[in-house]
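Before any comments, here is the structure.
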Amino acid sequence: MYLYNSATHKKEEFKTHTPGHVEMYTCGPTVYHFAHIGNLRSYIMEDVLEKYLRFAGYDVNRVMNITDVGHLTSDADEGEDKMLKGAKREHKTVMEIAQFYTDAFFDDCRKLNIKRPDIVQPATGLIDDYIHIVSTLIEKGYAYLAGGNVYFDTSKISRYYIFNDHNEEDLAVGVREGVEEDTNKKNKNDFVLWFTKSKFEDQALKWDSPWGVGYPGWHIECSGISMKYNGEYLDLHCGGVDNAFPHHTNEIAQSESYLGHTWCPHWCHVAHLNTEGGKMSKSKGEFLTVSLLEQKGYDPLAYRFFCLQSHYRKSLVFTWENLDNAVLAYNKLIAKIANLKDEGVVDETVRAEYRAKFMKEMDNDLNTAMAVTALYDVLKAGTNDASKLAVIADFDTVLSLSLLEKAAAKRKENAGTAAVQTAGGYTITGEGDPAVDALVMARYEAKKAKNFAEADRIRDELKAQGIEIVDARDGAVWKRV
Ligand code: AMP
Ligand code: ZN
């Protein structure tokens, strides 16, 4: 499989430390509010990646954190603690907020067919591990105490910027402009490993540590959680593109300094979902959540389909119109699958051929858009319906669009409305569209009243809609041609 690696800036053959096994880590949500559908784009694409690795034969151990402490409003250790902000907003405790939004997050995931990672670890559960890592970093000379906080010393490592080529001067202006300088820092990109002091005194959750009562910085949780559950050698680390700097950059700095060897060779970043106005936000404009989609009558899986239609490395603009187009395409696909009959014997050669086509697209940097297109090719294939259904089921173990379940429901719905028995014994057999049934019925009534001009007019109207009627004994059969 070829997967783009943000650490080397190129598409690379994906290799693992232990053949056939993937240790995978993905940054989890900060549970101070609902996830917006932008956050969920990242989780959908990571879910597809995990499922595809399994499909390709890997055994995967996927670990994810839940950020319930230490993430400040700015990723660069400034501002308020996000969890505290959420607790104040809702007049609840930080732990109540964390529990509520963790549950809400997994509820959204369930609706989007996102599998739960093998291990999910709230950051507050591994404090001793972070303390151990921070102590080791101090011992090894990579961290220092200043003003009560412990900082990582970025000047001690030979290469700090992994994901971007910008120089330190440019970055300094971009990050620091208008922001109060933390005078404790020796270098501008030094970051906090452990907080005890200053504006963070109203922090609700605090733990004892060798440096005083305090709490961990945001970055250390991902290193600590990953090293505990993925081991010393991580194969694949994922997150949204905004996590690349400073969060992932800092994770690498502290993990490799602690371990004394390379930590994770492959980094995968999902591009953002934006609104027409720019970056998606929880505070500005419409707060786009899965619940909002549902309230507006959208199937959350149509949103998943919308995400899969684009490549994960391209930023995507969300508009209701774009979502409506995805809904149309998704429903059309389901309607086509619903028309397949479970007949014939599965042709394993055809199945293998399509599996190879699917893998060719996915092996090319997870090209889900082309994999979705391959679904349409399956529908057009010159094979029996049972084989087509088997291929679709195979694809859907990765795409997770519930295609067969939705098609079965559609078939049931069609069966429920397809045959309409009138009082006079006239039967209309169609494709389950009440509006068409009504026109066919009106045509029958016109014929009965000897109004042949009207009957012909209705037939023409249906024909213009691509519908053909065949009169049968005591009824009519219609179909879209
Ligand atoms: P957070 O809950 O803020 O820690 O973010 C959770 C995940 O969503 C992280 O992997 C972010 O990189 C990712 N993310 C944040 N905003 C967006 C967006 N607009 N589109 C896609 N992913 C995002
Ligand atoms: Zn992380």
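The values are calculated or read from the model by the stated rules, or taken from the named source; none is laboratory data. Please read all numbers here as calculations on a predicted model, not as lab measurements. Backbone-built Cβ (ideal geometry, glycine too); neighbour counts: all protein chains shown. Calculation scope for accessible area: heavy atoms of the full protein, side chains included, ligands and nucleic acids excluded. Shrake-Rupley method; radii C 1.70, N 1.55, O 1.52, S 1.80 Å.
Using a simple spin-label model with points 7 Å from Cα along the Cα→Cβ vector, what separation in nm is obtained for Val477 and Lys341?
Label-label distance for Val477 and Lys341, simple model: 1.1 nm.
Please list, in chain and number order, the residues 5+ apart from Glu12 or on another chain whose amide H is under 5 Å from its amide H, with Hs placed from the backbone.
Leu3, Tyr4, Asn5
Multiplying the sequence separation of Thr262 and Ala438 by 0.36 nm and subtracting their Cα-Cα distance, what value in nm do you get? Walk me through the intermediate numbers first.
Details: separation 176, 0.36 × 176 = 63.36 nm, distance 6.94 nm.
Extra length from Thr262 to Ala438 when fully extended: 56.4 nm.
Specify whether the C-alpha gyration tensor of the range 11-138 places it in the rounded, prolate or oblate class, a ≥ b ≥ c being the square roots of the eigenvalues: rounded for a/c under 1.5, otherwise prolate if a/b is larger than b/c and oblate if not. Each step should come with its number before you reach the end.
Values: a/c = 2.24, a/b = 1.40, b/c = 1.60.
Taking the square roots of the gyration eigenvalues as a ≥ b ≥ c, the range 11-138 is oblate.
Once a ≥ b ≥ c are taken as the square roots of the eigenvalues of the Cα gyration tensor of the range 284-340, is the result rounded (a/c under 1.5), prolate (a/b larger than b/c) or oblate (a/b not larger than b/c)? Mind dumping the intermediate values first?
On the way: a/c = 2.56, a/b = 1.44, b/c = 1.78.
Judged from the Cα gyration tensor, the range 284-340 comes out oblate (a/c at least 1.5, b/c at or above a/b).
Quick one: which residues, 5 or more positions from Gln121 or on another chain, have an amide H under 5 Å from its amide H? H modelled 1.01 Å from N in the peptide plane, none for Pro or chain starts.
Amide H to amide H, under 5 Å and 5 or more residues apart or across chains, Gln121 pairs with Met64, Asn65, Ile66.
Please tell me the relative contact order of the range 225-340 in percent, rounded to the nearest whole number, where contacts are Cα pairs under 8 Å and at least six residues apart. Don't jump to the answer; show the numbers that get you there.
On the way: 93 pairs, mean separation 27.7, N = 116.
Rounded, it is 24 percent for the range 225-340.
Would you mind getting me the FRET efficiency between Arg159 and Asn325? Use the beta-carbon distance for r and R0 = 41 Å, nearest 0.05. Intermediate values should be presented prior to the final figure.
Details: r = 44 Å, r/R0 = 1.07.
With a Förster radius of 41 Å, E is 0.40.
If each Cα of the range 357-447 is one equal point scatterer, what is log10 of I(q)/I(0) from the Debye formula at q = 0.18 Å⁻¹?
With one equal scatterer per Cα and no solvent, log10 I(q)/I(0) is -0.84.
Which angle from 0 to 90°, rounded to the nearest 10, does the C-alpha axis of helix 403-418 make with the longest principal axis of the chain?
30 degrees
Which FRET efficiency, nearest 0.05, do His17 and Ser315 yield, Cβ-Cβ r, R0 56 Å?
Working: r = 31 Å, r/R0 = 0.56.
Approximately 0.95, to the nearest 0.05.
Count charges around Ala386 for me, please; just the other residues with Cβ under 12 Å from its Cβ, Lys/Arg as +1, Asp/Glu as -1. Don't jump to the answer; show the numbers that get you there.
On the way: positive: Lys341, Arg351, Lys388; negative: Asp342, Glu343, Asp347, Glu348, Asp385.
Taking every other residue near Ala386 into account, the sum is -2.
Check which residues have an amide H placed less than 5 Å from Val60's amide H, if you skip close sequence neighbours.
Val22
Taking Cα pairs under 8 Å and at least six residues apart, what relative contact order does the chain come out at, in percent?
Working: 730 pairs, mean separation 75.1, N = 481.
About 16 percent, as a whole number.
Give me the accessible area per residue for the chain, probe 1.4 Å, as a whole number in Å². Present the calculation step by step, with values, prior to reporting the outcome.
Values: 21450 Å² over 481 residues.
Value returned for the chain: 45 Å² of accessible area per residue.
Quick check: residue separation of His91 and Ala409 times 0.36 nm, minus the Cα distance between them. What number comes out in nm?
So the chain would gain 110.2 nm between His91 and Ala409.
Could you please state how large a percent of the accessible area of the chain is carbon and sulfur, counting protein chains only and using a 1.4 Å probe? Before the final figure, lay out the partial values.
On the way: 11020 of 21450 Å².
Taking all protein chains in place, the chain shows 51 percent carbon and sulfur surface.
Using only helices, what value at 222 nm comes out for the chain when you add -39,500 (n - 2.57) per DSSP H run of length 4 or more and divide by the total residues, to the nearest 500 deg cm²/dmol? Mind showing how you got there, number by number?
Working: 16 runs with 214 residues, N = 481.
That comes out to -14000 deg cm²/dmol.
Per residue of the range 241-250, in order, report the coupling 6.51 cos²θ - 1.76 cosθ + 1.60 (Karplus, θ = phi - 60°) as ³J(HN,Hα) in whole Hz, putting x for Gly and Pro.
4, 5, 6, 4, 9, x, 4, 5, 4, 6
Output ³J(HN,Hα) for the range 445-457: one whole-Hz value per residue in order, computed from phi by the Karplus curve 6.51 cos²θ - 1.76 cosθ + 1.60 with θ = phi - 60°, and x for Gly and Pro.
With coefficients 6.51, -1.76 and 1.60, one gets 4, 5, 5, 4, 8, 6, 8, 5, 4, 5, 4, 5, 4 Hz.
Mind giving me the nanometre distance, one decimal, between the label points for Lys186 and Lys115, set 7 Å out from Cα along Cα→Cβ?
4.5 nm
Is the shape of the range 285-408 rounded, prolate or oblate, going by the alpha carbon gyration tensor and its root eigenvalues a ≥ b ≥ c, with a/c under 1.5 for rounded and a/b larger than b/c for prolate? Walk me through the numbers before you get to the answer.
Details: a/c = 2.81, a/b = 1.62, b/c = 1.74.
Verdict is oblate for the range 285-408.
What list of ³J(HN,Hα) values in whole Hz, one per residue of the range 215-229 in order, does the Karplus curve 6.51 cos²θ - 1.76 cosθ + 1.60 (θ = phi - 60°) give from phi, with Gly and Pro shown as x?
The phi angles translate into 8, x, x, 5, 5, 5, 4, 5, 5, x, 5, 5, 5, 6, 9 Hz.
Mind checking the full-extension length gain between Gln465 and Glu431? Use 0.36 nm per residue of separation minus the Cα-Cα distance, one decimal, nm. Before the final figure, lay out the partial values.
Working: separation 34, 0.36 × 34 = 12.24 nm, distance 1.37 nm.
Here the answer is 10.9 nm.
Can you give the Rg and Dmax of the range 325-373 based on its C-alpha atoms, in angstrom?
13.5, 35
Evaluate the distance, in nm, between pseudo-label points positioned 7 Å from the Cα of Arg355 and of Leu292 along their respective Cα→Cβ axes.
Between Arg355 and Leu292, the label points sit 4.2 nm apart.
For the pair Tyr376 and Lys284, what calculated FRET efficiency results from E = 1/(1 + (r/R0)^6), where r is the Cβ-Cβ distance and R0 = 41 Å, to the nearest 0.05? Walk me through the numbers on the way to the answer.
Values: r = 38 Å, r/R0 = 0.92.
Between Lys284 and Tyr376 the formula returns 0.65.
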